[in-house]
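Novice: Handing you this structure, nothing more for now.
The values are calculated or read from the model by the stated rules, or taken from the named source; none is laboratory data. Predicted model only: the values in this text are computed from it and were never measured. Counting neighbours? That spans all protein chains shown, and the Cβs are built from the backbone with ideal geometry, glycine included. For accessibility, only protein heavy atoms count, side chains too; no ligands or nucleic acids. Shrake-Rupley method; radii C 1.70, N 1.55, O 1.52, S 1.80 Å.
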Amino acid sequence: MGKIVEFDHPLIKHKLTIMRNKNTGTKEFRELLTEITMLMGYEITRDLKTKDVEIETPVAKTSSKMITGKKLAIIPILRAGLGMVDGLLQLIPNAKVGHLGLYRDPETLKPVEYYSKFPEDITSRDIFIVDPMLATGGSSVAAIDVLKKNGAKSIKLINLVAAPEGIAEVQKYHSDVDIYVAAIDEKLNDHGYIVPGLGDAGDRIFGTK
């Protein structure tokens with residue numbers, strides 16, 4: 001079973017509280033999302049492999065660590081996932097960025113893929129799927145389905161806020177995927193919104209609410 005990591009860092013909790021506030025404006029909401037994603041990225045990348053390299057400082061020659069192994073790819077689920085890309089790119093600027101667009105069919109209520117563009121070498125990369133909200137889990141499960149069909153083998157799911165129902169749904173269909181969240185909230189309401197949540201993340205990021 002993939003691991004579930006809920007962050008308890010004071011800075012993350014503080015910034016998330018400001019984001020939850022309905023009076024927080026678009027500019028600040030967007031900036032805070034980038035900051036939290038960057039803080040989460042520190043832990044998300046903890047298990048990256050390193051190798052010893054020989055370098056010369058202004059004082060002496062020495063052996064030091066550099067990242068090696070698989071390359072990375074960031075895949076935002078459109079459109080809200082775009083708000084988390086810059087935070088990770090500030091830590092890992094050489095990561096490739098793909099895009100995955102999903103919408104919910106009004107009749108079946110199931111996610112439908114309408115756009116996808118991934119790095120050509122996706123099979124050899126560690127994949128970070130980013131989406132601020134993990135509510136019912138339908139979009140995340142569909143996104144992982146698409147990536148696995150395209151050959152992705154190492155996938156992590158990164159969310160800002162998650163409902164227990166969404167986590168359970170992802171684990172039901174993709175038990176090998178690790179999930180990283182800034183907060184696991186109480187539940188979903190009758191309309192599928194996370195409670196207490198922070199509203200529609202996409203609308204708040206792009207100012208379309």
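Novice: Within a Cβ distance under 14 Å of Gly138, other residues only, what is the Lys/Arg minus Asp/Glu net charge? Don't skip to the answer; put the middle values down first.
Specialist: Details: positive: Arg104, Lys110, Lys172; negative: Asp105, Glu113, Asp131, Asp145, Glu165, Glu169.
Neighbourhood net charge equals -3.
Novice: Computed over the Cα atoms of the stretch 81-127, what is the convex hull's projected area averaged over all directions, in nm²? Please list the in-between numbers first.
Specialist: On the way: hull surface 16.9 nm².
Dividing the Cα hull surface by four gives the mean projection, 4.2 nm².
Novice: Let me ask another. Just by accessible area at a 1.4 angstrom probe, what is the order of Met66, Met38, Met133, Met1 from largest to smallest? Before the final figure, lay out each step's value.
Specialist: Numbers: Met66 110, Met38 60, Met133 40, Met1 165 Å².
Listed by decreasing accessible area, they come as Met1, Met66, Met38, Met133.
Novice: Along the charge dipole of the chain, which of His174, Thr62, Pro76 sits closest to the positive end, that is, farthest toward it, with unit charges on the beta carbon of Lys, Arg, Asp and Glu (+1, +1, -1, -1)?
Specialist: Checking the options against the dipole of the chain, the answer is Thr62.
Novice: Mind checking the full-extension length gain between Val53 and Asp200? Use 0.36 nm per residue of separation minus the Cα-Cα distance, one decimal, nm. Write out the running numbers ahead of the final one.
Specialist: Values: separation 147, 0.36 × 147 = 52.92 nm, distance 4.60 nm.
Stretched fully, the Val53-Asp200 segment lengthens by 48.3 nm.
Novice: Continuing with this model, one more query. From largest accessible area down, sort His14, His174, His99; use a 1.4 Å probe on the protein chains. Before the final figure, lay out the partial values.
Specialist: Details: His14 110, His174 10, His99 60 Å².
Heavy-atom accessible area, descending, gives His14, His99, His174.
Novice: Counting only protein chains, not ligands or nucleic acids, how are Lys15, Lys96 ordered by accessible area (probe 1.4 Å), most first? Numbers along the way, then the final one.
Specialist: Numbers: Lys15 40, Lys96 95 Å².
Descending order: Lys96, Lys15.
Novice: How large is the charge dipole for the stretch 1-58, taken about the Cα centre, if only the Cβ atoms of Lys, Arg (+1) and Asp, Glu (-1) carry charge, to the nearest 20 debye?
Specialist: Values: 10 positive and 10 negative charges, 98 e Å.
Dipole of the stretch 1-58, to the nearest 20 debye: 480 debye.
Novice: Mind scanning Lys117/Lys153; Lys70/Lys172; Lys49/Lys153 and naming the pairs with a C-alpha gap bigger than 19 Å? Spell out each step's value before the answer.
Specialist: Numbers: Lys117/Lys153 17 Å; Lys70/Lys172 27 Å; Lys49/Lys153 17 Å.
Checking Cα-Cα distances, Lys70/Lys172 exceed 19 Å.
Novice: Taking the solvent-accessible surface of protein heavy atoms with a 1.4 Å probe, what is the per residue accessible area of the stretch 136-209 in Å²? Let's see the in-between values first.
Specialist: On the way: 3100 Å² over 74 residues.
Per residue, the stretch 136-209 has an accessible area of 42 Å².
Novice: Same structure, new question: Within the chain, what's the longest stretch lacking GluC sites (Glu not before Pro) that sit in DSSP loops with no more than 14 other Cβ atoms inside 10 Å? Could you put the intermediate results ahead of the total?
Specialist: Numbers: sites that count: Glu107, Glu120, Glu186.
My reading of the result: 1-106 is the longest stretch.
Novice: Working only with C-alpha atoms, what are the Rg and Dmax values of the chain, expressed in angstrom?
Specialist: Here Rg and the maximum Cα pair distance are 17.8, 68 Å.
Novice: Same structure, new question: What is the pair-distance distribution P(r) of the stretch 60-140, computed from all Cα-Cα distances in 5 Å bins starting at 0, with each bin given as a whole percent?
Specialist: Calculated over all Cα pairs of the stretch 60-140, the distribution is 3, 13, 21, 21, 15, 10, 7, 4, 2, 2, 1, 1, 0, 0 percent.
Novice: On the accessible surface of the stretch 97-195, probed at 1.4 Å, how many percent belong to carbon and sulfur atoms? Don't jump to the answer; show the numbers that get you there.
Specialist: Values: 2220 of 4650 Å².
After summing per-atom areas, the C and S share lands at 48 percent.
Novice: Given the whole protein assembly as supplied and a 1.4 Å probe, what does the accessible area of Thr50 come to in Å², nearest 10?
Specialist: 80 Å²
Novice: Express the relative contact order of the stretch 128-178 as a whole percentage, based on alpha carbon pairs under 8 Å and six or more residues apart in sequence. Provide the component values of the computation, followed by the final result.
Specialist: Working: 62 pairs, mean separation 26.8, N = 51.
The normalised contact order for the stretch 128-178 reaches 53 percent.
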